[in-house]
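The values are calculated or read from the model by the stated rules, or taken from the named source; none is laboratory data. Just so it is clear, the structure is predicted and the values come from calculations on it, not from any experiment. Backbone-built Cβ (ideal geometry, glycine too); neighbour counts: all protein chains shown. We work out accessible area using only protein heavy atoms, side chains counted, and drop any ligands, DNA or RNA first. Shrake-Rupley method; radii C 1.70, N 1.55, O 1.52, S 1.80 Å.
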Amino acid sequence: MAYKDLRDYLAALEIRGKLHHVKKEVDPDWEVAAVIRRIFQRIPPARRPAVMFEHIKGHRMPLVAGILGASPEVYALALETTVDQIADKWAHAQTHPIPPVRVGTGPVKDVILTGDRIDATALPLCRWTRDQDPAPYVTGPCVISNDPETGERNMGTYRLMLKGPRRFGLFLSTTWRDMYAHIMKNEQQGKPTPCAVVIGCDPPVPLTSVARIRGDELGVAGALRGAPLEVVRCETNDLEVPAHAEIVIEGYVPAGVREHEGPFGEYTGYMGSSGPSFVIEVTAITHRTNPIYQAFFSQMPPSESSCIRGTGRDVALLKHLKRDLRLPVRDVHLLEAGGGAAFLAISLRREHPALPQRAMWAAWAFDPSFSKWVVVVDEDIDVRDYFQVLWAMSWHVQPERDLYVNRGTAGVALDPSVAEEDVNQLERKTVLSSKVGVDATRKHTFPARSVPPQEDLDRVDAQWADYGLE
Ligand SMILES: Cc1cc2nc3c(=O)[nH]c(=O)nc-3n(C[C@H](O)[C@H](O)[C@H](O)COP(=O)(O)O)c2cc1C
């Protein structure tokens, strides 16, 4: 049954021992980031919990992090499924969206703050890369806006820099972001872009926010829940937001205004660029009684961000290749070392010699802001296993024949390698990138594998205890 809200989901994590409570008071300016970094470094994914910091110094709200992407197992729990069913669940949801239903009110309206009562500094925002980030950031926002021409809604996750009690910097890393088009269309008319920032909700909402969904993310979120999401109208604009959200920040992006934003410690493992960016003027904050603040843990992979970014893109790309283009693709995976963005592996049945190349081009055309490396392997290779992918690259590839380098393409968002040598690496400017495709499928019949026959291994397994190894 669908989680009703964030609290319902936290209770489910709790029951499975996947939510750790930190009771000690922690400092949002350095300690939260350092504790979570250590959790990701020291606890292997199978045992890694999400965390609730109950006491954040100087704030009244607790903070949860890692609750969607502490590990693939936690991600599966967020979707009420198992790791092996994640792709199927997403495939069904994207093709069978359930539109949200409008209700009169909901818990997100427990407290309504407008005018001078608005104070975004009361949120327990953290500094994630101390001495490098210029301000505390909202790392897990689901930003909703509408296309002014078609009325189509978009929801995406875009980092927000705290600039004051009623002001945020908004970072859109590429001009392909749907919200970018909304702002541009409004700016041409000299109009602001109304927006609403949702923080803390039942998991399908943030998970669709970070995925490359075509169409209404809230409809796909409804399908992932198996029930329509209840939405309410904002207080100060006409946008709809989940009725059971913990916190909603309402506001608008003023036309023609750009202010300095960043840098920010990014998912690549490096500081991300800074420069002129959009701002959000806050017109209201509404929240539940005793709200829970949710953050995504990002920066150097592995992180929650690389887990949810990679999976959100995997499932959207898999649907595109398999269902829209009908390619014989078995699986796709954006490897976590590449932040769930830069390194893509695709497995397929090589029915035609040109198929690996077609899959590469299809991936690049689908979204040029990821997949700097695309490695295509045969369907017997597990793309989620680094070792198998590197094995195929080692022995199935003749570099002169099987490597394709495309120059002058759009870059992977925030890739620090694209900056020219004499340019400040943190300067925001559009630089073209290149992309590499590696056809690591077998092009001819290969010799037999040099491993014992399966039946010998099965016999050994059956009498494993006799060897005294465990
Ligand atoms: C933790 C996290 C943070 C992100 N931050 C940003 C960001 O600051 N700016 C941005 O443009 N995209 C960011 N993204 C990627 C977008 O949220 C993602 O590509 C989404 O699909 C964009 O939605 P859109 O295509 O509807 O614009 C982030 C993704 C994750 C997982």
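For segment 242-299, the square roots of the Cα gyration tensor eigenvalues, ordered a ≥ b ≥ c, give a/c of at least 1.5 with a/b no greater than b/c, which places it in the oblate category.
When the GluC sites (Glu not before Pro) in segment 346-427 are filtered for DSSP coil states and for at most 12 other beta-carbon atoms within 10 Å of their beta-carbon, the remaining sites are E351, E420, E421. Rg over Rh for segment 325-440 works out to 0.99, using Cα positions for both radii and the Kirkwood form for Rh. With a cut-off of 16 Å on the backbone N, no residue of segment 163-207 is near the modelled label site 7 Å out from R37 along Cα-Cβ.
Calculated FRET efficiency, S434 to R258, Cβ-Cβ distance, R0 = 35 Å: about 0.75 to the nearest 0.05. What segment 325-440 shows is 50 Å² of accessible area per residue, with the surface traced by a 1.4 Å probe over protein heavy atoms. Taking a point 7 Å from the Cα of R130 along the Cα-to-Cβ direction, the residues of segment 11-31 with backbone N closer than 18 Å to it are 24-31. For segment 63-102, taking the reciprocal of the average inverse distance between every pair of different Cα atoms yields a Kirkwood hydrodynamic radius of 11.4 Å.
Here segment 309-344 is scanned for amide nitrogen atoms under 19 Å from the site 7 Å beyond the Cα of E351 along Cα-to-Cβ, giving 318-332.
Expressed as a whole percent, the accessible surface of segment 80-224 that belongs to carbon and sulfur atoms is 49, based on a 1.4 Å probe. Determine the percent antiparallel among the DSSP beta bridges restricted to the chain, to the nearest 5. In the chain, approximately 70 percent of DSSP beta bridges are antiparallel ones.
Could you tell me which of the pairs K372/K443; K319/K435; K4/K89; K18/K57; K89/K109; K89/K163 are separated by over 27 angstrom between their Cα atoms in the structure shown? Long pairs (Cα-Cα over 27 Å): K89/K109; K89/K163. For segment 33-99 and segment 191-266, what is the separation of their Cα centres, given in Å? The distance from the Cα centre of segment 33-99 to that of segment 191-266 comes to 19 Å. Once the chain from V405 to L390 is taken as fully extended at 0.36 nm per residue, the excess over their C-alpha distance is 3.5 nm. Residue ranking by accessible heavy-atom surface, 1.4 Å probe, largest first, among K185, K191 comes out as K191, K185. Rounded if a/c is under 1.5, else prolate if a/b is larger than b/c, else oblate: which is segment 6-295, with a ≥ b ≥ c the root eigenvalues of its Cα gyration tensor? Rounded is the answer for segment 6-295, as its axis ratio a/c remains below 1.5.
Mean projection of the Cα convex hull over all viewing directions, computed for segment 1-86: 5.9 nm².
Let a ≥ b ≥ c be the square roots of the eigenvalues of the Cα gyration tensor of segment 255-397; is it rounded (a/c under 1.5), or, if not, prolate (a/b larger than b/c) or oblate?
Verdict is prolate for segment 255-397.
Based on the mean of other beta carbon atoms within 10 Å per residue, what is the order of 213-222, 53-62, 138-147, most packed first?
Numbers: 213-222: 22.4, 53-62: 16.5, 138-147: 24.8.
In descending order of packing, they fall as 138-147, 213-222, 53-62.
Helices in the chain, meaning DSSP H runs of at least 4 residues, each add -39500 (n - 2.57). Divided by all residues, the mean residue ellipticity at 222 nm is -7000 deg cm²/dmol.
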